[in-house]
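Worksheet: the structure to be examined is printed underneath.
The values are calculated or read from the model by the stated rules, or taken from the named source; none is laboratory data. Everything quoted here is computed from the prediction, not taken from an experiment. Every residue, glycine as well, gets a Cβ built from its backbone with ideal geometry; the counts of neighbours run over all protein chains shown.
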Amino acid sequence: MALSVPLSRSTLRVGGGSAFFVRRLRTIMSESDDIEVRRLCQALERLEKLTEPGSLEREALRKAGFALHLVFFDERRKEVERLYKNPPLTEAERARMISYGLDPDA
């Protein structure tokens, strides 16, 4: 699982020198989940290297690491992938649909 803080000496560090770590918290995590969480943590690590220590951007990246951990820990990857591919309508998009006489909830 991805965590943005080190949990133990046995935690595998992705890349070098960052705060993003990957470790399997459940033995039932699928291989595809393991691969995906590692891929996403590596992306977070690359972004972290571009931010200033103590910056809002670095804080956001670390919180994203925690969120990533929760998604995989709670086995909610499919739900997140579905929302990513089909994000909910914004209020402006909903208003536009209504102005065209369309029901956005239909």
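A few points about this structure:
- With a requirement of 3 or more residues that are aromatic (Phe, Trp, Tyr) and in contact (Cβ under 8 Å) with a residue 60 or more places away in the chain, the helices (runs of 4 or more DSSP H) lying completely within the range 42-106 that satisfy it span 56-73.
- Of all residues making up the range 71-106, the number that are β-branched (Val, Ile, Thr), farther than 25 Å from residue 41 by Cα and under 24 Å from the mean Cα position of the chain (by Cα): 1
- Residues (surrounded by fewer than 16 Cβ atoms within 10 Å (Cβ to Cβ), at pLDDT 85 or above and either under 12 Å from residue 64 (Cα atoms) or polar (S, T, N, Q) (or both)) located in the range 25-41: 32
- Only one of the numbered conditions (1) surrounded by 13 or more Cβ atoms within 10 Å (Cβ to Cβ); (2) over 25 Å from residue 34 (Cβ atoms) is not met by residue 80, and that is (2).
- Scanning the range 83-106 for residues that are within 28 Å of residue 35 (Cα to Cα) and surrounded by 10 or more Cβ atoms within 10 Å (Cβ to Cβ) gives a single hit, 83.
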